[in-house]
Amino acid sequence: MTSKSFLFSVSVFALCASAAQAQSQSNDPHNHDVTEVDEVVVRALPLGRSGDDIASHVSLLSGDDLVHRRTSSLGDTLSSLPGVNSDAFGGGASRPVVRGQTSPRVKVLSEGAALIDASEVSPDHAVSGEPLLLDGVEILRGPSALLYGGGAIGGAVNLLDRKIPTRVPVNGGEGVLEYRHGSVDNEDAGVAGLTVGKGQFALRLEAVARRSDDYRIPDSDEKRLDGSYNNTFTGTIGASWIGERGYLGAAYTEQNSTYGLSGHSEEFASCHPHGTSLHCGGHGHDDDDDDHGHDHDHGHDHDHDHDHGVPEVRLHSQRWDLRGELTDVMPGIERIRLRAGHTDYQHREIEEGETLTTFSNRGYDGRLEVQHSEWNGLRGVGGIQVSKSDFSAVGEEAYLKPTETKSTGLFLMEEYEVGLWHLEAAVRKEWVDTAVINGTAVDHDPLSLSASALWHFSPSYSASVSLARSQRAPTAQELFARGVHMATNTYELGTDTLDLETARSLEVTLRKRNGRITGSLSGYLYDYQDYIFADTLDQHEDFRLIRYTQADATFTGLEAEVTAELTPWLSGTVYGDYVRAKLEDGDNLPRIPAGRLGGRLQAEHGPWSGEIDYTRVFEQTRVAEYEDHTPGYNLLSATVSYGFDIGETADAELYLRGSNLLDEKAWSHASFLGERAPMRGRGVTAGVRLRF
């Protein structure tokens, strides 16, 4: 263990000791300063469980915290939460990294139905969910994400929204208007949402428009990161029929986005493999070696003048959502819940006005849950999930032939209360078929099992342990990729004989809910058999030849967050996370985030509220082969807001948030871009939000 990770462990131990001391104080009859945390029901999970009643760790970002922290991309929005990082790719794209894992092991959901876009195949492809339209985000880790299949073996991120009304507004209508401006990238963004209803019907309209320039980077000759701009418009119309026992609704969402590809280079576009070695450069006329499967004659010279700027993505997505819920269905059936989505997604990567590659993904995901009544103390839910994805990439960067992936999953979860114990078990069986169109086809049958026990050993404390055996089928990219992937500076070789990936996991969590000190501490271990990863076979300068292969691996880590009420108007929070990931032979896995330790002060007095947050991100020295160390850095942010009423039915908030106030040059170790794309420099975002 390094000195920094040892320091983090000591800090976490100190947090637990403080919480234990606070417990003895909370039992003191003379201590009347007791705070109780509100229960929040986790919408991604059935049976209406709150976060404190779930054995494995669940995080929620919502309310003012979400409003103030939202950025143009999902990963950056969530990156301040313990255990969550971002694989940022400039200003246009970032996916959340949960406990060192990202796509294809972290699934992004829209109210329980999978998002369908191209973000899972490359880090430079944006997640199609719009952060400025979200009502909240749930992050499920470990066994709690098992019900969503192998794609959530590392976690699930559930996006909560209001696009489909679930109730009729009390006064016939309610809505929100927001405008914000950011200095670091000259961002202008506007949000509008309106729900109206009468009788048993409700209608929802919402839209976001954003325009931002390249963002400023500190301590650099370039001043701004070329290609980090982002211009997006997203609009939704949704409607519901709402009755006494449930609702049924649908929504249509269309998104158009244009953003730059920072760090994107065609310098190595001519590279290709000869066996397990790279060859970069053209062939002679007599060289007829086409074994690499990549056509170098694109009708233009690859020796581009790179002064013309960076390529950009032009994204167009159309999505239909269908949601419904019915309670008191019949004797023995308490609830039926439906979640389904159909998406037609396409984006073009354009350089100098020419379309280099077109990515498209057309598919659906549907999920039906049936909750049964209590039987001999058991409460449970079973269901079926079906999905299909038709993915294609056509053009210069077509490293993956058109493929079709179909999946069917059956799942069952049961819970049982006995004394101070809450017991839970779940099983999911899947059938996954992945095929190249008119080509090779493979099928896998993953089986996942989990069991957990939650012990409320005092009114304020609970402890839990979760065990799981989860399996994941390899993706089309891992099976069939063959070609240059410019975003990651690699030539990818898939392996169509890959087997199931199996993770045996253990998670232990301690929570304190009531009193002047509240918080949680989680430790986890993932023991992977046949972990699928990109093995580097050869390297030419910054370009690598990789082949997807399998080996055993382990992920171990800690997450902690403890909040103390210092005065009736001031609270302090200490938080941190650390993850260690390596293969069975001792080699480090790539792009594993460095450990973090931070503190936060939050104040609220009358209409005013404020926050100051400091995070130390440690140096990452446990790096994979061909990977550079990432230096440590400090992040300081601050927020102040003022809220006031407007008449009897409306209220407004003015807010100001400063980020990276120390203006430190920082790189995310989880990002493929590394030093080519530093994080944003010092910036201030000012906004006004009206709710009525």
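The values are calculated or read from the model by the stated rules, or taken from the named source; none is laboratory data. Here the structure is a predicted model, which means the values were calculated and not measured. Positions of Cβ are generated from backbone atoms using ideal geometry, with glycine treated the same way; all protein chains shown enter the neighbour counts. The protein model used for the area step is the full one, side chains on, heavy atoms only, and it has no ligands, DNA or RNA in it. Shrake-Rupley method; radii C 1.70, N 1.55, O 1.52, S 1.80 Å.
Answer yes if at least one residue in segment 435-456 is without any contact (Cβ under 8 Å) to a residue 12 or more places away in the chain, within 23 Å of Val121 (Cβ to Cβ) and not charged (D, E, K, R), and no otherwise.
Checking segment 435-456: at least one residue is without any contact (Cβ under 8 Å) to a residue 12 or more places away in the chain, within 23 Å of Val121 (Cβ to Cβ) and not charged (D, E, K, R).
Considering only segment 147-187, state which residues are in contact with a Ser or Thr (Cβ under 6 Å, 6 or more places away or on another chain), acidic (Asp, Glu) and part of a loop (DSSP other than H, G, I, E, B).
Result: Asp185, single match.
Exactly one condition in (1) more than 25 Å from Arg180 (Cβ to Cβ); (2) open to solvent by 10 Å² or more (accessible area, probe 1.4 Å); (3) not small (Gly, Ala, Ser); (4) not in a loop (DSSP other than H, G, I, E, B) is not met by Asn85; state its number.
For Asn85, the failing item is (1).
Of everything in segment 50-74 that's of a type in the set (Val, Ile, Thr) and over 17 Å from Leu147 (Cβ atoms), which residue is least open to solvent (accessible area, probe 1.4 Å)?
Selected residue: Val67.
Select from segment 357-404 the residues that are open to solvent by 30 Å² or more (accessible area, probe 1.4 Å), acidic (Asp, Glu) and in contact with a Lys or Arg (Cβ under 9 Å, 6 or more places away or on another chain) and list them in ascending order.
Asp390, Glu404
Among the residues of segment 641-692 satisfying the criterion of being within 27 Å of the chain's Cα centre (by Cα) and β-branched (Val, Ile, Thr), which is least open to solvent (accessible area, probe 1.4 Å)?
Among them, the one singled out is Thr685.
Scan segment 226-240 for residues that are more than 30 Å from Arg204 (Cβ to Cβ) and open to solvent by less than 10 Å² (accessible area, probe 1.4 Å) and jot them down.
Listed by number, the residues that qualify are Gly227, Ser228.
Which of the residues that make up segment 242-272 are touching a strand residue (DSSP E or B) at 6+ places or on another chain (Cβ under 6 Å) and of a type in the set (Asp, Glu)?
Within segment 242-272, Glu254 is the sole residue that qualifies.
Name the residues in segment 586-596 that are touching a residue at least 60 places away in the same chain (Cβ under 8 Å) and open to solvent by 60 Å² or more (accessible area, probe 1.4 Å), would you?
Arg591
Filter segment 470-493 down to the residues that are under 20 Å from the mean Cα position of the chain (by Cα) and open to solvent by less than 10 Å² (accessible area, probe 1.4 Å), then identify the one that is farthest from Asp445 (Cα to Cα).
This residue is Ala487.
Since Glu174 meets every condition but one in (1) crowded, with 24+ Cβ neighbours inside 10 Å; (2) out of contact with any Gly (no Cβ under 8 Å at 6 or more places or on another chain), which condition does it not meet?
Tallying (1) crowded, with 24+ Cβ neighbours inside 10 Å; (2) out of contact with any Gly (no Cβ under 8 Å at 6 or more places or on another chain), Glu174 fails exactly one: (1).
Condition check ((1) among the polar types (S, T, N, Q); (2) in contact with a helix residue (DSSP H, G or I) (Cβ under 8 Å, 6 or more places away or on another chain); (3) at pLDDT 95 or above) across all residues:
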site	(1), (2), (3)
Gly155	no, yes, no
Pro165	no, no, yes
Glu206	no, yes, yes
Asp213	no, no, yes
Asp226	no, no, no
Ala239	no, no, yes
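Which residues, taken from segment 90-100, are farther than 24 Å from Leu261 by Cβ and in a strand (DSSP E or B)?
Within segment 90-100, just Val98 meets the criteria.
Testing Gly155 on (1) in contact (Cβ under 8 Å) with a residue 12 or more places away in the chain; (2) on the phi < 0 side of the Ramachandran plot, one condition comes back false. Which one is that?
It fails just one condition, (2).
Would you check which residues across segment 112-146 are part of a loop (DSSP other than H, G, I, E, B) and either over 17 Å from Gly363 (Cβ atoms) or of a type in the set (Ser, Thr, Tyr) (or both) and list them?
Those that are part of a loop (DSSP other than H, G, I, E, B) and either over 17 Å from Gly363 (Cβ atoms) or of a type in the set (Ser, Thr, Tyr) (or both): Ser119, Ser122, Pro123, Asp124, Ala126, Ser128, Glu130, Leu134, Asp135, Arg141.
So which residues in segment 597-640 are of a type in the set (Ser, Thr, Tyr) and open to solvent by 30 Å² or more (accessible area, probe 1.4 Å)?
Ser609, Tyr614, Thr621, Tyr626
For segment 503-533, name all the residues that are open to solvent by less than 40 Å² (accessible area, probe 1.4 Å) and hydrophobic (A, V, I, L, M, F, W, C).
Across segment 503-533, the qualifying residues are Ala503, Ile517, Leu521, Ile532, Phe533.
Out of segment 78-130, which residues are hydrophobic (A, V, I, L, M, F, W, C) and either under 20 Å from Ile592 (Cα atoms) or without any contact (Cβ under 8 Å) to a residue 12 or more places away in the chain (or both)?
Matches in segment 78-130: Leu78, Leu81, Val84, Ala88, Phe89, Ala93, Val97, Val98, Val106, Val108, Val121.
Please work out which residue is farthest from Ser387 (Cα to Cα), limiting yourself to segment 418-430 and to residues that are surrounded by 15 or more Cβ atoms within 10 Å (Cβ to Cβ) and not aliphatic (A, V, I, L, M). Break it down into steps so the answer makes sense when it comes.
So the first thing to find is which residues in segment 418-430 are surrounded by 15 or more Cβ atoms within 10 Å (Cβ to Cβ), and the list is 422-430.
Filter once more, so that each one left must be not aliphatic (A, V, I, L, M): 422, 424, 428-430.
Details: His422: 32, Glu424: 27, Arg428: 15, Lys429: 14, Glu430: 11 Å.
Among residues in segment 418-430 that are surrounded by 15 or more Cβ atoms within 10 Å (Cβ to Cβ) and not aliphatic (A, V, I, L, M), the one farthest from Ser387 (Cα to Cα) is His422.
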